[in-house]
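Peer 1: Before I ask anything, let me first share the structure, which is written out below as structure tokens.
Nothing in this text is a laboratory measurement; each read-out follows from the coordinates by a stated rule. Keep in mind the model is a prediction, meaning the values are calculated, not measured. Quick reminder, even Gly has a Cβ in these numbers, built from the backbone with ideal geometry, and neighbours come from all protein chains shown.
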Amino acid sequence: MDSILIEGGNALQGEVQIIGAKNSALKLMVAALLSDDPVTLTNMPELADTGFLAHLMRHLGAEVATGPTGTMQICAKSLGEPVAPYDLVRKMRATFNVLGPLLARKGRAQVSLPGGCAIGARPVDLHLEALSALGAKIELKEGYAYATAPNGLTGAKISFPFVSVGATEHAMLAAVLAKGETELLNAAREPEILDLANMLNAMGARIKNAGHASIQITGVEKLHGVNYAVVSDRIEAGTYALAAAACPNSDVKVSNCVPSDLDALWAAMQRAGIDVQTSKTSVRIRRGPERLRPVDLETQAWPGFPTDLQAQFMALMTLADGASIIRETIFENRFMHGPELSRLGADITVHGREAVVRGVTGLTGAPVMATDLRASVSLVIAGLTAKGQTRVSRIYHLDRGFQNLEANLTALGANIRRVKDD
Ligand code: EPZ
């Protein structure tokens, strides 16, 4: 296994280019299962997670080829048995979203339930309820969802009891080929939802108001192929912005992103005393040598502060001049980075869904362990600011969602490298 070694203390200067969003790319890949025609995705990130999904899609009979510089071609003309086995689903939860498209294309599917995850139980009950509302008969047995829709799916009004990104996407993926009208109420509004709707509409779907809490879908008989560019990764953009903000005397331009997707982050960073200047496609982050102000925040569904940037923001707050309270409202166990940050000298107390971060004057390098994707990158950010050497182990978590992380940070002036563990 690999680790990352960081010698902290350098300022970050220069420019970093953001690639396509992991959390959009995965759903766009699944959307390609809805058509007989070839689909080409560009601005694709090359990540362990997109690799896991490609593997499952090949198993299902799709042809998946990765081309040069972020291109992926998918052709799902001849799908085979619609069975997604446990071994191919357990590694990455978003694979579960093949259930809806398989049902829509084949009238039946057997997909392993994804199980729990380090950040929370993450059930899929809302996904299953949405598919049932569209007419699927679903039985759960032996760890699998067995679903049938022999007469096809039928449009329905689906009101989600709370906002779920994955369930909204799954319902959209199934409803585009259902007979008649579907309405999704209390739908998620994340930019990745809009990206999925834009791609599906470019394939001939009829989805209105994606990005709003109420989405209307008129089913169509067939979807055609498309050439589609994945939206830029707002979480990757926010992560580099927070890395720059954490290192005194930094000046970094984060390019090829959509800053308006991250207004809640910029507001929180400005409250902390960071100079944030946004344009349409880039953001410049500057901070001087002075300590930052503490900021309280709460994670929320879009357009609130994203849970996927909570750990990175906590790393920033460890060095603030005072105490901040960070409340996690989306996942019940998303503070596992707290004890690891404390190993670097941070003062963090976690009470259930709330963490109190009392800013300290300095962090000191130490060996730490990654527990999930965003937690691991928060340890990297903390390591960039710590005195001495930080070793982050179990970085396979990082490879699930960050492409070229060490190379990008090195280009900005960080002292960071990947090493093989003994
Ligand atoms: C997506 O997960 C993202 N993953 C997550 O990113 C992100 O943190 C999350 O949305 C919130 O923005 C992908 O897009 C692949 P949810 P998702 O359904 O869709 C509960 C990362 O680091 N829930 O909006 O799974 C659930 O347990 C990852 O990149 C149910 O109870 O999130 C959670 O508490 C981590 N039943 C809440 O809803 C359900 O059927 C919101 O989850 C579905 C969800």
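Peer 1: From the phi angles alone, apply the Karplus equation (6.51, -1.76, 1.60; θ = phi - 60°) to the stretch 259-267 and give each ³J(HN,Hα) in whole Hz, x where the residue is Gly or Pro.
Peer 2: Per-residue couplings from phi come out as x, 5, 6, 10, 4, 5, 5, 4, 4 Hz.
Peer 1: Still on this structure: For the stretch 171-243, which GluC sites (Glu not before Pro) are both in a DSSP coil and crowded by at most 14 other Cβ atoms within 10 Å? List each step's numbers first, then the result.
Peer 2: Details: sites: E181, E183, E192, E221, E236; in loops: E221.
Passing both the DSSP loop test and the Cβ count: E221.
Peer 1: Collect residues whose amide H, placed 1.01 Å from N in the peptide plane, falls under 5 Å from the amide H of A229; neighbours closer than 5 in sequence don't count.
Peer 2: T42
Peer 1: Here is a further query. Report the full-extension gain for the segment D87 to D421: residue separation times 0.36 nm, less the Cα-Cα distance, to one decimal in nm.
Peer 2: That works out to 117.6 nm of additional length.
Peer 1: Can you pull out the GluC sites (Glu not before Pro) in the stretch 105-157 that DSSP calls coil and that have at most 14 other Cβ atoms within 10 Å? Write down the numbers at each step before the final one.
Peer 2: Working: sites: E129, E139, E142; in loops: E142.
Answer in residue order: E142.
Peer 1: Between K179 and R291, what is 0.36 nm times their sequence separation minus the Cα-Cα distance? Round to one decimal in nm. Please report the intermediate quantities before stating the final value.
Peer 2: Values: separation 112, 0.36 × 112 = 40.32 nm, distance 5.84 nm.
Stretched out fully, the K179 to R291 stretch lengthens by 34.5 nm.
Peer 1: Treating only the Cβ atoms of Lys and Arg (+1) and Asp and Glu (-1) as charged, compute the dipole magnitude of the chain about its Cα centre; round to the nearest 20 debye.
Peer 2: Here the chain has a charge dipole of around 140 debye.
Peer 1: Counting other beta carbons within 10 Å of each Cβ, put V295, V83 in order, fewest first.
Peer 2: Details: V295 21, V83 16.
Ascending number of Cβ neighbours within 10 Å: V83, V295.
Peer 1: Taking only C-alpha pairs under 8 Å that are 6+ residues apart, what is the relative contact order of the chain in percent?
Peer 2: The normalised contact order for the chain reaches 21 percent.
Peer 1: Output the 0 to 90 degree angle, nearest 10, between the alpha-carbon long axis of helix 22-31 and the longest principal axis computed from the alpha carbons of the chain.
Peer 2: Orientation of helix 22-31: about 10 degrees from the principal axis.
Peer 1: Right, here's the next one. Search the structure for amide H atoms under 5 Å from the amide H of S250, placed 1.01 Å from N in the peptide plane, and list their residues when 5 or more places away or on another chain.
Peer 2: Amide H neighbours of S250: L12, R287.
Peer 1: Then there's this: Angle between the Cα long axis of helix 191-202 and the longest principal axis of the chain, 0 to 90 degrees, nearest 10?
Peer 2: The helix 191-202 is inclined about 30 degrees to the chain.
Peer 1: Using the number of other C-beta atoms within 10 angstrom as an exposure proxy, rank T371, T278 with the fewest first.
Peer 2: Neighbour counts put them in this order, fewest first: T278, T371.
Peer 1: Sticking with this one: Spelling out what I want: for every residue of the stretch 174-182, take phi, set θ = phi - 60°, compute 6.51 cos²θ - 1.76 cosθ + 1.60 (Karplus), and round to whole Hz; glycine and proline get x.
Peer 2: Each residue of the stretch 174-182 in turn: 7, 6, 4, 9, 7, 6, x, 9, 10 Hz.
Peer 1: Apply the Karplus parameterisation 6.51 cos²θ - 1.76 cosθ + 1.60, with θ equal to phi minus 60°, to every residue of the stretch 232-245 and state each ³J(HN,Hα) to the nearest whole Hz, in sequence, with x for glycine and proline.
Peer 2: My calculation for the stretch 232-245 gives 5, 7, 5, 6, 5, 4, x, 5, 5, 4, 6, 5, 5, 5 Hz in order.
Peer 1: Using the Cα centre of the stretch 270-350 as origin and beta-carbon charges of +1 (Lys, Arg) and -1 (Asp, Glu), tell me which of G273, M317, T349 is placed farthest towards the positive end of the dipole.
Peer 2: G273
Peer 1: Now a separate question. Check which residues have an amide H placed less than 5 Å from R108's amide H, if you skip close sequence neighbours.
Peer 2: A149
Peer 1: If you average the sequence gap of Cα pairs under 8 Å that are 6 or more apart and divide by the length of the stretch 22-229, what percent do you get for the contact order?
Peer 2: Values: 460 pairs, mean separation 42.3, N = 208.
Reported as a whole number, the value is 20 percent.
Peer 1: Can you tell me the length gained on complete extension of the stretch Q216 to N333, counting 0.36 nm per residue apart and subtracting the Cα distance?
Peer 2: Extending this stretch completely gives an extra 38.8 nm.
Peer 1: Where does each of D421, D321, D308 land when they are ranked from fewest to most other beta-carbon atoms within 10 angstrom?
Peer 2: Neighbour counts put them in this order, fewest first: D421, D321, D308.
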